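Undergrad: Quick one: structure below, then a few questions.
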Amino acid sequence: MKEFEPKIVYFLCDWCGTGGCETASAHHLYYPENVLISRVHCTGSLSAVHILRSLIEGADGVVISGCHPGDCHFETGNYRARRRVAVVKSILETLELGPERVWFRYVAHGEGRRFVDTAAEFNDHLKKLGPNPLKLRRDT
Amino acid sequence: MKGAVIQAKAGIADGILNFLKEALDKGFFDALLLPVRVPAGDSFSYILMRDTSLLDGAFPLPPVMPVQGARALSSLTRYGKGTNRIAVLMRPCEIRAAIELHKLDQVDLENIFLLSVDCPGVLPLGDYIKDPRKGDALYEKVLQEWIIRSPRWACDICDKFSMPHSDAHFGILGAPESSLFVIPGTTKGKDFLESLDIEYHTSVKSWETKVQELTEEISKKREQTLQALSRDTRGPERLLGIFSKCINCHNCMRVCPICYCRQCYFDSDALKLTPDNYLMRAQKKGALRFMPDTLLFQLGRMSHMGLSCVSCGTCEDACPMAIPVSRIFTLVADSMQEVFDYVAGRNPQDPLPQIVYKEEELKEVEKAYIETYNK
Ligand code: SF4
Ligand code: SF4
Ligand code: SF4
């Protein structure tokens, strides 16, 4: 049987997140091909609805990376993003819809290694979890 | 706590209305916003009035809550405060929603005087309108005996049924025979009682004790009820089973006091897509339900307003498909608010969790990095 390949949506902010991804490519570091990168201006501008919609419409997991604390280009966007991720997780946890399918981890501009590690680790994590039951539901 | 004792010989409603009439006559307020029975007799609505003769038809505690008071108040003050002083009498959950809307800049409280009252709950709206007379009789009993709490789910487990952060509160529980307590909650409230020459230094211990006893009892019930509800709601299978009846009318959003957006995201063009998009999604899922985005609307709405949900049950009253909307929202809102140690409507000074942050917090949300994971 073909091994389950998770579909991953990786939200990166335009600054450190994307920078980390660029550093990775400059160093020829690879991340799994099933990771779909989606750029947002700042993690603070990412709506909870984008995360929920990804999970309902086909993603097995969503991971979000932006600047480390103190480094946000809009000063507080990453702190706000952390609160928003906490909100999404509390919904998913209370209703048992898979809070473990949402990850939040800071990645700095120079941290290409950390970026590919996160993609690979999340990929393995989701392989263990199996397909996201929500994405398969027709009655959403 | 201290308060005043006022006469209520001909019943609670009468006591409250006479008191308000006097305040209006003495010019402390310029107008009142109160629930009044509609002319056809089968429902109630908030009426803005100056004429004290209209007070005769007013109901401080109507048997149902067709329009959440905070919603009425936000229509009134959407463009900021007026020059008139308006007193609004609402139930505790309506006041709590008004406080949330105030933080969201949708209600201006400056010239508003918030009056609250101990609340025994309301009847489910759908039951009431089927037979208003029967509802009136039943509610009469609820008001007299108090202990018979209303069978409406949100009210049955409401442990915040007494004094919210209002300017003055009418305490019914534990009040001496044929009278009521008026308890000032703010300096505005104290000024008000002083201007009416009412002495407000009487102990309201009997009210406090009763409220505390009942709060403890209901809190326990709330916890048990939510635990049981959680068992029946968890997981995609159960949750989608509950929402499968949803017809996407979005009534629940339209009546919710907290959903103030003039254009709801879930009604917007952002979710209206081309046939090819729907077909692609149908292919991935095997088929696609129409109307689409039912679950996204429910979970998305929770993510937008859950931190301010006051568990008032208005959404459930308005659902034509009898979906237990407010139960699911309450379940999620309670745990969401707990994450931020926030209680919607508790205190106007508590900042909205979505607009503030702490540098050191929510470490459990961050995924710890394993150095060079894939070597
Ligand atoms: S979601 Fe329902 S229970 Fe919560 S505030 Fe809105 S109407 Fe009230
Ligand atoms: S669901 Fe969201 S966008 Fe829609 S009215 Fe409520 S808060 Fe506004
Ligand atoms: S009111 Fe009921 S049927 Fe209408 S959208 Fe809300 S949950 Fe669905």
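The values are calculated or read from the model by the stated rules, or taken from the named source; none is laboratory data. In this text, all values refer to a predicted model and were calculated from it rather than measured experimentally. Cβ sites come from the backbone with ideal geometry, for glycine too, and all protein chains shown count toward neighbours.
Undergrad: Which one of these is under 30 Å from A:L92 (Cα atoms) and touching a residue at least 40 places away in the same chain (Cβ under 8 Å): B:I198, B:I242?
TA: B:I242
Residue-wise test of (1) part of a helix (DSSP H, G or I); (2) over 22 Å from the mean Cα position of the chain (by Cα); (3) charged (D, E, K, R); (4) crowded, with 16+ Cβ neighbours inside 10 Å.
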site	(1), (2), (3), (4)
B:P176	no, yes, no, no
B:F192	yes, yes, no, yes
B:Q212	yes, no, no, no
B:K220	yes, no, yes, no
B:D232	yes, yes, yes, no
B:P236	yes, yes, no, yes
B:C259	no, no, no, yes
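Undergrad: Take the residues in the stretch B:262-275 that are over 19 Å from A:I56 (Cα atoms) and without any contact (Cβ under 8 Å) to a residue 12 or more places away in the chain; name whichever of them is surrounded by the fewest Cβ atoms within 10 Å (Cβ to Cβ).
TA: By that ranking, first place goes to B:R262.
Undergrad: Further question: For B:S116, which of the numbered conditions (1) part of a loop (DSSP other than H, G, I, E, B); (2) of a type in the set (S, T, Y); (3) at pLDDT 95 or above fails to hold?
TA: All conditions pass for B:S116, except number (1).
Undergrad: Now for a separate question. Of all residues being surrounded by 11 or more Cβ atoms within 10 Å (Cβ to Cβ) and of a type in the set (D, E, K, R) in the stretch B:353-375, which is nearest to B:T186 (Cα to Cα)? Just the residue, please.
TA: Checking each candidate, the answer is B:E361.
Conditions (1) in contact (Cβ under 8 Å) with a residue 60 or more places away in the chain; (2) over 25 Å from B:A333 (Cβ atoms), marked per residue:
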| site | (1), (2) |
| --- | --- |
| A:K89 | no, no |
| A:E111 | yes, yes |
| A:F115 | yes, yes |
| A:E121 | no, yes |
| A:T140 | yes, no |
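Undergrad: Follow-up. Could you list, in sequence order, the residues of the stretch A:50-76 that are closer than 25 Å to B:E338 by Cβ, touching a helix residue (DSSP H, G or I) at 6+ places or on another chain (Cβ under 8 Å) and surrounded by fewer than 21 Cβ atoms within 10 Å (Cβ to Cβ)?
TA: Result: A:P69, A:T76.
Undergrad: Can you find even one residue in the stretch B:156-174 that is under 20 Å from the mean Cα position of the chain (by Cα) and in a helix (DSSP H, G or I)?
TA: yes
Undergrad: Hey, another quick one. For residues that are polar (S, T, N, Q) and surrounded by 14 or more Cβ atoms within 10 Å (Cβ to Cβ), tally how many sit in the stretch B:46-66.
TA: 1
Undergrad: Which of the residues that make up the stretch B:318-354 are facing another protein chain (nearest Cβ under 8 Å) and among the hydrophobic types (A, V, I, L, M, F, W, C)?
TA: B:I328, B:L331, B:V332, B:M336, B:V339, B:F340
Undergrad: Okay, moving on. Kindly indicate the residue of the stretch A:110-131 that is within 25 Å of B:K284 (Cα to Cα) and either touching a helix residue (DSSP H, G or I) at 6+ places or on another chain (Cβ under 6 Å) or among the charged types (D, E, K, R) (or both) and also surrounded by the fewest Cβ atoms within 10 Å (Cβ to Cβ) among those meeting that condition.
TA: A:K128
Undergrad: Give the stretch B:297-316 a look and list any residue that's of a type in the set (S, T, N, Q) and either near ligand 1 (Cβ under 8 Å from one of its atoms) or in contact with a strand residue (DSSP E or B) (Cβ under 7 Å, 6 or more places away or on another chain) (or both), or say none.
TA: Those that are of a type in the set (S, T, N, Q) and either near ligand 1 (Cβ under 8 Å from one of its atoms) or in contact with a strand residue (DSSP E or B) (Cβ under 7 Å, 6 or more places away or on another chain) (or both): B:S308, B:S311, B:T314.
Undergrad: Then there is this: Give me a count of the residues in the stretch A:94-109 that are surrounded by fewer than 18 Cβ atoms within 10 Å (Cβ to Cβ) and either in contact with a strand residue (DSSP E or B) (Cβ under 8 Å, 6 or more places away or on another chain) or without any contact (Cβ under 8 Å) to a residue 12 or more places away in the chain (or both).
TA: The number of residues fulfilling the criteria is 2.
Undergrad: Right, here's the next one. Search the stretch B:253-288 for residues being basic (K, R) and more than 16 Å from ligand 1 (Cβ to nearest atom), and hand back the single one that is farthest from the other protein chains (Cβ to nearest Cβ).
TA: Across the stretch B:253-288, the extreme among qualifying residues is B:R262.
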